[in-house]
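Read-outs throughout are calculated quantities, based only on the coordinates presented, and are distinct from any laboratory measurement. The structure displayed is predicted, hence computed values, not measured ones. Glycine also receives a Cβ, built like all others from the backbone with ideal geometry; neighbour counts cover every protein chain displayed.
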Amino acid sequence: MLTVMGEALVDVLSGGIAAPQAYVGGSPMNVAVGLARLGHPVSFVGRYGDDEYGRMIHEHLRSNDVQEVLAPDALPTSTAHGTLDPVGAATYEFDMVWDLSAFDPATSNALADSQLVHTGSIATVLQPGAATVLAAIERARPHATISYDPNVRPSFVTHHAEAVEQFERFVALSDVVRASDSDLQWLYPERSVEESVKAWLALGPAMVVATYGSGGSRGVVAAGEAEAKAPVVDVADTVGAGDSYMSALLSALVDRELVGAARREALHALTPGQLGEVLGYATRAAAVTVSRPGANPPHRAEIS
């Protein structure tokens, strides 16, 4: 079993001449769906309300065979109103509720049974839920691989230095980390993306990967570096591309039997050649997603 913790929300996207469209989203939830579509059993720890948008999220998770850990609550479902620019990138305004008071990491069977636990994005910075996520990751690390995608949303950051400290706290607990080049540039404007990737690797992960949109991706492990070029595709929008990349990256590690605390040493011993194969698979998954609207990750056959 794999477990994903984080926000689920509804993206309301507008731009161009089309009427606004509502899509189920949220970076961690997209990763959960992406892993399920790639054939992995997945449980999802997130919240949504008992309302119309919440029912959209529930149906999306159910139809993709993602097991839900928490029931709907009485608070409103979170939303993100996005505006697409001419190249399909979105900027967002959020109406966000992030409270996991119904979840106890100490008694969660989903957490205890998981070989891999993934988190990231707003869920790791917005209180009060972020404290619960951190406690869950600390509890899972002795038996599970931990993966993390900061997916930085500056609108949720009040103090830059405190945010950097919070992100680095999760990086230090993680085995696999992915960040976009824009994430790393925002967090560390004084140094290059490549320098930031290596600095994060020094905090403890086995693998740190930076994605560059149409520029592909580059990763680093203890034994060296690798990169993967992005396929050329017609872009519908870039919503959920990083999440599809993350789910495929993790799927490739599961396929290679490199998850679970017992495989941590083997994961740290990954060669640049093996890293390149994993990056290539993840990059192809992201290319499928950008070719169609919304956060719509591929099934395994579509990547092959």
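Is one or more of the residues making up the range 70-83 in contact with a His (Cβ under 7 Å, 6 or more places away or on another chain) and closer than 18 Å to Val125 by Cβ?
Checking the range 70-83: not a single residue is in contact with a His (Cβ under 7 Å, 6 or more places away or on another chain) and closer than 18 Å to Val125 by Cβ.
Say whether the condition of being more than 30 Å from Gly82 (Cβ to Cβ), aliphatic (A, V, I, L, M) and out of contact with any strand residue (DSSP E or B) (no Cβ under 6 Å at 6 or more places or on another chain) is met by at least one residue in the range 222-231.
yes
What tally of residues in the range 114-152 results from selecting those that are assigned to a loop (DSSP other than H, G, I, E, B) and either over 17 Å from Ser101 (Cα atoms) or without any contact (Cβ under 8 Å) to a residue 12 or more places away in the chain (or both)?
9
Helices (runs of 4 or more DSSP H) wholly in the range 224-303 with at least 1 residues that are within 21 Å of His60 (Cα to Cα) - which ones?
So the answer is 241-255, 272-290, 300-303.
Out of (1) out of contact with any Pro (no Cβ under 8 Å at 6 or more places or on another chain); (2) surrounded by 22 or more Cβ atoms within 10 Å (Cβ to Cβ); (3) among the small types (Gly, Ala, Ser), what's the single condition that is false for Ala163?
(2)
Being surrounded by fewer than 16 Cβ atoms within 10 Å (Cβ to Cβ) and either touching an Asp or Glu at 6+ places or on another chain (Cβ under 7 Å) or in a helix (DSSP H, G or I) (or both) is the requirement here; does Pro76 meet it?
yes
If Arg218 meets every condition in (1) in contact (Cβ under 8 Å) with a residue 40 or more places away in the chain; (2) farther than 22 Å from Leu38 by Cα; (3) surrounded by fewer than 15 Cβ atoms within 10 Å (Cβ to Cβ) apart from one, which number is that one?
Of everything listed in (1) in contact (Cβ under 8 Å) with a residue 40 or more places away in the chain; (2) farther than 22 Å from Leu38 by Cα; (3) surrounded by fewer than 15 Cβ atoms within 10 Å (Cβ to Cβ), Arg218 misses just condition (3).
Would you please list the contacts, defined by Cβ atoms under 8 Å and residues six or more apart or on different chains, that run from a residue in the range 53-72 that is of a type in the set (S, T, N, Q) to a residue that is not in a helix (DSSP H, G or I)?
Hits for this filter: Gln67/Pro41; Gln67/Val42; Gln67/Ser43; Gln67/Phe44.
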